[in-house]
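The values are calculated or read from the model by the stated rules, or taken from the named source; none is laboratory data. This one's a predicted model, so the numbers in the text were calculated from it and none came from an experiment. Cβ sites come from the backbone with ideal geometry, for glycine too, and all protein chains shown count toward neighbours. We work out accessible area using only protein heavy atoms, side chains counted, and drop any ligands, DNA or RNA first. Shrake-Rupley method; radii C 1.70, N 1.55, O 1.52, S 1.80 Å.
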Amino acid sequence: MDTKRGQEVSPTYWDEHAEIIHEENLRKLQFNRLQKTVNKAWYHLPYYRRKMGEAGFRNSNDLRSLSDLSRLPFTTKQDLREAYPFGAIAEPMKNIVRIHSSSGTTGTATVVGYTHNDIITWSELMARTLVGGGVNEDDRIQVAFGYGLFTGGLGVHYGAEKLGATVIPMSSGNTLRQIQILRDFNISVLCCTPSYALYLAEVARDSHIDWENTHFRIGIFGAEPWSEEMRAEIERQLPILAYDIYGLSEVIGPGVAFECEIRNGLHVSEDHFIAEVIDPASGDVLPPGEKGELTFTTLTKEGTPVIRYRTGDISSLISTPCSCGRTMSRIQRVASRTDDMLIIRGVNVYPSQIESVLLRFEGIEPHYQIIVSREHYMDTVDIHVEVSNNIFSDEVKTLENLKKKILEALKGELNLACTVKFLEPKSITRSEGKAKRVIDMRKKEDVP
Ligand code: DLL
């Protein structure tokens, strides 16, 4: 039994049979399901059958054991884009009861289809995810993820209903109303992106909301990277414990991996997904502990199964057992993506590293933007970050001193020479969904 903030935390599972399954049984189940998935892809997904053929598979029966997975070709975002709109759907359209799609801001959208069984599986996985974060049927859950083609809103919604909790389907935006409902309905659980949780906390503070005597106790956050420092900041501003949930539309949506009460890595629902970490350059599978690109194979998806889908997310596998008792292995929280690495005059930097450095300083607010430009063939980085009101009104000397310390830390730890600009509180536009941290003026689509 663990105690956090005076709350008793005891391990409870949604689906004990699956969550504490014996390794040997899990591997058998996975192999069985993998064979079915590969078979389905072979017969119903022309793009994947072509790839398998090119990789030397004569048919789906060539798969002899789980370790043969690493011989199968990857699925990429590009494959799904080329299949737009319905070429990645492995069922007759009459069996598809729901469509979701990724936003497509950086290219053609990817489209995924769900059968009735897929929706049932997804709801189960989301109920499991919520229970992992300590949610139960007595909770009132405000879902402030967007509803629509984005999987966040409806994914959490169905899971919360499955669990038997009371769902308040707010969707994103309208922050004052969100706060009013949080208070008036005595909400205990909030689900949204971590950046939106911070925005909500800020507006609540300005409205002098007192969280004392409310039931507000848990935050279930995900859909974008956030650091431990960011978690600490959210928990300082709201009376909650914050849990990380991970997923992506191409694999199912939220419900792929979740934090349990130990909050040290995210359990992958391995009865439905196989996670691998690969070297993004060579494609070789990496052992636990080594960082690389996460790939997922779906084991039960009917509508849009994917095999070795390259997520672009960077993580590593944790193979040591978790003290919560779940046997499903964990992944390290996703802090960055292969494509958000900034190369600044030859130095590789991830936005999450900059966030970690910034938030270590007193008076620095968790609202920042990284502006990358190129002047005279030289890359430059300007970090715009808000400081608290009292810091902002401090003497110039104090501000300069703080700036100097931040610059030294960035230089010392990341080898990043840049400029830092302090902004007044609330100068940076707040996001209601995924925050945009980097504006790369070297890219056409980022130039305002
Ligand atoms: O963001 C699904 C989701 C909804 C997950 C609600 C969690 C909660 P997409 O819009 O397809 O789906 O974006 C997927 O978001 O590849 C990651 O880069 C990022 N991402 C999702 N969850 C996390 C997380 C949803 N917990 C992409 N930490 C993924 C870091 C995350 N990045």
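Summed over region 293-328, the residues that are under 17 Å from the mean Cα position of the chain (by Cα) and of a type in the set (G, A, S) give a count of 3. The residues on offer are L190, L200, and the sole one that is hydrophobic (A, V, I, L, M, F, W, C), at pLDDT 95 or above, more than 13 Å from E137 (Cα to Cα) and not in a helix (DSSP H, G or I) is L190. How about region 227-251: which of its residues are part of a strand (DSSP E or B) and away from the ligand (no atom under 13 Å from the Cβ)? Correct list: L241 only. Pairs needed: first member in region 433-445, free of Cβ contacts under 8 Å to residues at least 60 places away in the same chain; second member anywhere, surrounded by 14 or more Cβ atoms within 10 Å (Cβ to Cβ) and not aromatic (F, W, Y); C-beta distance under 9 Å; at least 6 residues apart or different chains. So the pair list comes out as K443/V372. Pairs meeting the criteria (first residue in region 63-85 and part of a helix (DSSP H, G or I), second residue open to solvent by 70 Å² or more (accessible area, probe 1.4 Å) and hydrophobic (A, V, I, L, M, F, W, C), beta carbons under 8 Å, at least 6 apart or on different chains) are S70/V285. Any idea which residue in region 188-226 is most open to solvent (accessible area, probe 1.4 Å), counting only those that are away from the ligand (no atom under 16 Å from the Cβ) and of a type in the set (S, T, N, Q)? So, considering only residues that are away from the ligand (no atom under 16 Å from the Cβ) and of a type in the set (S, T, N, Q), the one most open to solvent (accessible area, probe 1.4 Å) is N213.
Going by what's in this entry, would L125 be described as crowded, with 22+ Cβ neighbours inside 10 Å, modelled with pLDDT of 95 or more and either more than 16 Å from the chain's Cα centre (by Cα) or within 16 Å of the ligand (Cβ to nearest atom) (or both)? Explain how you work it out, then say what you get.
Values: crowded, with 22+ Cβ neighbours inside 10 Å: yes; modelled with pLDDT of 95 or more: yes; either more than 16 Å from the chain's Cα centre (by Cα) or within 16 Å of the ligand (Cβ to nearest atom) (or both): yes.
So L125 fits the description; yes.
Looking at region 251-269 only, could you name the residues that are open to solvent by less than 10 Å² (accessible area, probe 1.4 Å) and among the hydrophobic types (A, V, I, L, M, F, W, C)? V251, I252, V256, A257, F258, C260, L266, V268 - these are the residues of region 251-269 that are open to solvent by less than 10 Å² (accessible area, probe 1.4 Å) and among the hydrophobic types (A, V, I, L, M, F, W, C).
Just to be sure before I move on: is E229 open to solvent by 10 Å² or more (accessible area, probe 1.4 Å), in contact with a Lys or Arg (Cβ under 6 Å, 6 or more places away or on another chain) and not aliphatic (A, V, I, L, M) in the structure I sent? Don't jump to the end; show me each part of the working.
Values: open to solvent by 10 Å² or more (accessible area, probe 1.4 Å): yes; in contact with a Lys or Arg (Cβ under 6 Å, 6 or more places away or on another chain): no; not aliphatic (A, V, I, L, M): yes.
No.
Of all the residues in region 403-423, those that are among the basic types (K, R) and farther than 15 Å from I364 by Cα number 1. Of all residues in region 92-132, exactly one satisfies the criterion of being charged (D, E, K, R), assigned by TED's automatic domain parsing to the domain that holds Y147 and closer than 25 Å to W42 by Cα, namely D118. When I89 is tested against the conditions (1) in contact with a helix residue (DSSP H, G or I) (Cβ under 6 Å, 6 or more places away or on another chain); (2) in a loop (DSSP other than H, G, I, E, B); (3) not assigned by TED's automatic domain parsing to the domain that holds S249, the lone failure is (1).
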